[in-house]
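The values are calculated or read from the model by the stated rules, or taken from the named source; none is laboratory data. The shown structure was predicted, so the numbers you read here are calculated from the model rather than taken from an experiment. All Cβ positions, even for glycine, are placed from backbone atoms using ideal geometry, and neighbour counts span all protein chains on display. Note: areas computed on protein heavy atoms with side chains; ligands, DNA, RNA excluded. Shrake-Rupley method; radii C 1.70, N 1.55, O 1.52, S 1.80 Å.
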Amino acid sequence: MRLSRYFLPVLRDVPAEAQTPSHQLMLRAGLIRQNAAGIYSWLPLGKRVLSKIEQIVREEQERAGAIEILMPTIQSADLWRESGRYDAYGKEMLRITDRHDRELLYGPTNEEMVTDIVRSSVKSYKQLPLNLFHIQWKFRDEIRPRFGIMRGREFLMKDAYSFDLTSEASRLSYYRMFCAYLRTFKRLGLTAIPVRADTGPIGGDLSHEFIVLAETGESAVFCDGRLLELPPPEGALDSPDDLEAEVERHTSYYAATDEMHEPERFTAEVPTDHQMTARGIEVGHIFHFGTKYSEPMSASVTGPDGRETMLQMGSYGIGVSRLVGAAIEAGHDEKGIVWPLEIAPFQVAVVSLRPGDAEVETACEAAYDQLQSAGVDTLYDDTGERPGAKFATLELIGIPVLIVVGPKGLAKGVVEIRQRKTGDTEELGLEAAVARVRELIGA
Ligand code: 5CA
């Protein structure tokens, strides 16, 4: 992408309404624009990050055996009356009436709708297990939308729903998602810890939240610091024993948010030098609730014994749009955003220090072409801005690696490589620099 033809509306000043680093930086770096309280447009740079996160989430869901569908944002109130949640959900649900006076709602989650889909076409235990997911916008009329997209009213969620014949099989589906979540957050370049959680309006007997540690997080977290060092689960995760062992490994250390914290257990179980008290952002939440929805909605299959058996269910959410903010809370400095490589909007920027200079232009074009053909997301800063302003913008938007091309360097036969995270610089010939950049970003 040539920056001269791109749409990157960066702001020089910190917007007064934004209190947290991620909210400030998302506005300043031109990732989002607020349209109404808790409702945002995603500008080109923000959209790129959102799509990258979405794609990693999708790949890890599919790897764990979940199948993608897409359900609508608008749902019928009747379905929610069947489960009893239409009245129970309260003011957070945005209720809509159509021209025929039919009651609709903008979905805050999809347990009812997916249960309706499954009950109409799954009749036999032979069609199980089944796990369906979608990545779709949700609406919750939060009383206090805040911190930008972190607690929005409209937000993008990945939600998956598992269906099994028995409670034991359903628990394994839950474990498989638990492991998939650890892999997902790791691939996103984030450390997320699983903590036991309250089930709230979704319900059920077993639930974990996944928390990214950050000073500005909404929840207080108490945990054993060794949890942060554990590598994510590996392998196919097909056998029940492997799944149980992985979940056991990641839940054996103490970890709780303030809602579930037991101070006495914490001090008794965790050696003093491993006791960690921090703040965190909930980026995922998984639930195991058995027949809570299948029972009232009559979602059953014929079991191997010929008897009608209610489906055992779980649901599994990831805050896809919230993850953009969480990544920034976990990675920024005084100059701006420091993206994990995997989700950076562009991995590399080629920076021309003298646009219009034939030699500089030729070198920039060559580097840009080679990186693009190698499949590297590259931004080419071909604008006429001063070098200082260029670097300030590229640091603000957090491009991980720059190739800086100027007449002085070219006279010596070199260009400069700059790394955003470490500030490290190297000078190399153009060909060697492109090869080195590809090595740095693993392309
Ligand atoms: N049906 C279940 C799982 S599919 C569910 O809705 N779970 S949830 O309420 O915990 O939401 C899942 C994830 O969505 C949360 O972990 C959080 O990361 C994200 N999320 C929830 N509310 C908001 C919000 N107002 N703004 C941004 N993200 C949100």
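Hey, could you check the stretch 20-61 for residues that are of a type in the set (A, V, I, L, M, F, W, C) and in a loop (DSSP other than H, G, I, E, B) and say which is farthest from Ile318 (Cα to Cα)? Don't jump to the end; show me each part of the working.
Within the stretch 20-61, the first condition is being of a type in the set (A, V, I, L, M, F, W, C), and the residues that meet it are 25-27, 29, 31-32, 36-37, 39, 42-43, 45, 49-50, 53, 56-57.
Still in the list and also in a loop (DSSP other than H, G, I, E, B): 29, 31, 37, 43.
Details: Ala29: 24, Leu31: 20, Ala37: 22, Leu43: 22 Å.
The extreme case among them is Ala29.
Output the residue which, of all residues in the stretch 277-319 that are of a type in the set (Phe, Trp, Tyr) and more than 9 Å from the ligand (Cβ to nearest atom), is nearest to the chain's Cα centre (by Cα). Reasoning before the result, please.
Going through the stretch 277-319, the residues of a type in the set (Phe, Trp, Tyr) turn out to be 287, 289, 293, 316.
The next check asks that each one be more than 9 Å from the ligand (Cβ to nearest atom); those that pass are 289, 293.
Numbers: Phe289: 24, Tyr293: 27 Å.
Only one residue fits best here, namely Phe289.
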| query | Of everything in the stretch 400-439 that's touching a Gly at 6+ places or on another chain (Cβ under 9 Å) and touching a residue at least 24 places away in the same chain (Cβ under 8 Å), which residue is surrounded by the most Cβ atoms within 10 Å (Cβ to Cβ)? | reply | Val415
| message | Need the failing condition index for Gly204 against (1) more than 16 Å from the ligand (Cβ to nearest atom); (2) under 27 Å from Thr291 (Cα atoms), just the number. | response | (1)
| remark: Quick count over the stretch 150-173, residues being within 12 Å of the ligand (Cβ to nearest atom), assigned to a helix (DSSP H, G or I) and under 15 Å from Phe289 (Cβ atoms), is 0
| task | Go through the stretch 123-138 and count every residue that is part of a loop (DSSP other than H, G, I, E, B) and surrounded by fewer than 20 Cβ atoms within 10 Å (Cβ to Cβ). | result | 2
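I need a count of the residues in the stretch 5-24 that are under 24 Å from Gly217 (Cβ atoms) and either in contact with a His (Cβ under 6 Å, 6 or more places away or on another chain) or open to solvent by 40 Å² or more (accessible area, probe 1.4 Å) (or both). Please lay out each step first, then the result.
Step one: of the stretch 5-24, the residues under 24 Å from Gly217 (Cβ atoms) are 14-24.
Restricting the remaining residues to those that are either in contact with a His (Cβ under 6 Å, 6 or more places away or on another chain) or open to solvent by 40 Å² or more (accessible area, probe 1.4 Å) (or both) gives 14, 16-17, 19, 21, 24.
Of the residues in the stretch 5-24, 6 are under 24 Å from Gly217 (Cβ atoms) and either in contact with a His (Cβ under 6 Å, 6 or more places away or on another chain) or open to solvent by 40 Å² or more (accessible area, probe 1.4 Å) (or both).
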| task | Please specify each residue of the stretch 294-309 satisfying the condition of being farther than 17 Å from Arg171 by Cβ and part of a loop (DSSP other than H, G, I, E, B). | result | Glu295, Pro296, Met297, Ser298, Ala299, Gly303, Pro304, Asp305, Gly306, Arg307
| Unique residue being within 30 Å of Trp339 (Cα to Cα), of a type outside the set (Asp, Glu) and open to solvent by less than 50 Å² (accessible area, probe 1.4 Å) when the list is Ile53, Ile67 | Ile53
| message | For Ala349, only one of the following conditions fails: (1) in contact with an Asp or Glu (Cβ under 8 Å, 6 or more places away or on another chain); (2) aliphatic (A, V, I, L, M); (3) farther than 21 Å from Val49 by Cα. What is its number? | response | (3)
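Could you please let me know if Ile337 is away from the ligand (no atom under 16 Å from the Cβ), open to solvent by less than 30 Å² (accessible area, probe 1.4 Å), closer than 30 Å to Thr216 by Cβ and in contact (Cβ under 8 Å) with a residue 40 or more places away in the chain? First the steps, then the outcome.
Details: away from the ligand (no atom under 16 Å from the Cβ): yes; open to solvent by less than 30 Å² (accessible area, probe 1.4 Å): yes; closer than 30 Å to Thr216 by Cβ: yes; in contact (Cβ under 8 Å) with a residue 40 or more places away in the chain: yes.
For Ile337, the condition - away from the ligand (no atom under 16 Å from the Cβ), open to solvent by less than 30 Å² (accessible area, probe 1.4 Å), closer than 30 Å to Thr216 by Cβ and in contact (Cβ under 8 Å) with a residue 40 or more places away in the chain - is met.
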| task | State all residues of the stretch 148-173 that are within 28 Å of Gly280 (Cβ to Cβ), surrounded by fewer than 23 Cβ atoms within 10 Å (Cβ to Cβ) and not aliphatic (A, V, I, L, M); if no residue qualifies, say none. | result | Arg151, Arg153, Glu154, Phe155, Asp159, Arg171
